[in-house]
1. Stretched out fully, how many nm does the piece from residue 151 to residue 178 gain, at 0.36 nm a residue minus the Cα gap?
2. If you build the convex hull over the alpha carbons only and average its shadow over all orientations, what do you get for region 128-173? Give it in nm² to one decimal.
3. Using a 7 Å offset from the Cα along the Cα-to-Cβ direction at both residue 71 and residue 247, what is the distance between the two label points in nm, to one decimal?
4. Could you state the angle between the C-alpha long axis of helix 47-59 and the longest principal axis of the C-alpha atoms of the chain, as a value from 0 to 90 degrees rounded to the nearest 10?
5. Once you've got the GNM for the chain with C-alpha springs shorter than 10 Å, pick whichever of 161, 37, 68 has the biggest mean-square fluctuation.
6. What FRET efficiency comes out for the pair residue 167/residue 41, r = Cβ-Cβ distance, R0 = 45 Å, nearest 0.05?
7. Report, largest value first, the span of the C-alpha coordinates of region 1-44 along each principal axis, in whole Å.
8. Efficiency by 1/(1 + (r/R0)^6): what FRET value for residue 83 and residue 234, r their Cβ-Cβ distance, R0 = 35 Å, to the nearest 0.05?
């Protein structure tokens with residue numbers, strides 16, 4: 001049986017199997033019913049490992065052991081395997097989420113917070129900065145920074161950036177708005193952004209700008225700015241800089257306030 005390496009690699013990623021497991025599994029699928037020895041020969045897997053591999057596949061729900069001698073194994077239909085894997089992944093994820101949620105008010109998080117607080121106190125303000133690569137990482141850190149806002153959040157972004165932020169950060173905006181945080185967003189407003197502006201109405205004030213800048217200032221203390229034009233760069237190559245510097249942040253806030261006064265609410 002010849003199965004392309006590329007196909008085996010996909011199976012390993014999708015089903016979280018090792019190389020021997022995907023070889024034995026695909027070999028059994030091609031036969032329907034077979035012994036461990038036969039599968040070992042077909043899949044080119046050492047016989048000393050074939051029984052362990054089949055036992056592992058049985059536990060994961062990929063195969064069924066047939067009673068009798070010699071012991072044979074029956075392949076489970078791929079559609080059923082997919083459903084079983086989905087169920088197991090969801091079950092594992094739910095269990096991990098449950099365990100992590102239980103840590104929120106536990107001693108572990110308290111001790112970690114204590115370590116972090118003590119560590120930050122020893123850090124020079126100039127060291128509280130960093131570079132972030134990839135839009136996924138950018139938005140994760142942006143969400144963290146905005147979630148901790150106490151007074152104000154100002155954002156300058158592009159049209160597409162506005163759509164992304166309303167889609168991905170609206171729950172965070174709503175959360176901090178309830179705490180009294182003032183949220184202002186400036187972006188080039190178009191017909192494409194009309195629904196997004198309506199969706200966030202009452203949570204953040206949005207005004208039109210012709211600027212193509214991309215930055216966020218939180219509480220006049222932290223600044224996060226993106227150095228690339230999002231229309232010219234692939235999301236995985238997007239780059240952002242985060243800086244905790246009240247001096248620069250307050251200066252940028254003042255410039256934003258001046259520009260804000262001349263911005264229109266709708267294009």
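1. So the extension gain works out to 8.6 nm.
2. That works out to 3.7 nm², a quarter of the Cα hull's surface.
3. Once both label points are built, they end up 7.2 nm from each other.
4. Taking the Cα atoms of the chain, the angle to 47-59 is about 60 degrees.
5. With Cα springs under 10 Å in the chain, the top fluctuation among 161, 37, 68 is at 68.
6. The calculated FRET efficiency here is 0.30.
7. On the principal axes, region 1-44 reaches 26, 18, 16 Å in Cα extent.
8. Efficiency, from the Cβ-Cβ distance: 0.50.
Computed from the coordinates by the stated procedures, all read-outs in this text should not be read as laboratory data. This structure is a prediction, so every number in the text was calculated from the model and none was measured. Backbone-built Cβ (ideal geometry, glycine too); neighbour counts: all protein chains shown.
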